[in-house]
1. Using the beta-carbon distance between Val51 and Met28 and R0 = 30 Å, what value does 1/(1 + (r/R0)^6) give for FRET efficiency, to the nearest 0.05?
2. How much length is gained if the chain between Ile14 and Asn127 is pulled fully straight, taking 0.36 nm per residue apart and subtracting their Cα-Cα distance, in nm to one decimal?
Amino acid sequence: MQKNVGTVDALIRITVGLLGLAYGVGRMSRRPYRTPWLLMALSAMKVAEGVTRFCPMLYAMGVNSCDRAGMQNMLSKAKDMRNQAGKPVSGTAPKQEQTKLSAEDKQLEAAVKEYVSYRQAEEASRNEERAKKTDDRHSRDEHLEPTYS
């Protein structure tokens, strides 16, 4: 088993794990019928990862946080994953110019556009009515409660 957790990371894992275990034992002593088993198991796992300085998740991702280069590698991988998530995969989405629609599809598309525009107009009118009602209610209810100023 090769170490893949740095010293600071290991100390943080041990501290968080011991805090979680202490909280779980406290809860268990007050309410033994509602023991937080999952919290205690995860906390014990974090303590074990900190003591052995080996994390299976970091190993699975191929990340090593023992040295500065490992942390930079982990950050660059995270940035690459974030950049790839925003880009569409090439060749998966057909372009509209290439796709020819049949008459039924065009009719269906027009009906959907009409329905969406109708719903948007209906929502806008409903929002305007709500705004009018709140303004009217405020002016109408202004003197129902006495103000002592």
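1. Approximately 0.85, to the nearest 0.05.
2. Numbers: separation 113, 0.36 × 113 = 40.68 nm, distance 5.31 nm.
My answer for the length gained is 35.4 nm.
All of the numbers you see were taken from the coordinates with simple rules; none came from a lab. The shown structure was predicted, so the numbers you read here are calculated from the model rather than taken from an experiment. When we count neighbours, we look across all protein chains shown, and the Cβ atoms used for this are built from the backbone with ideal geometry, even at glycine.
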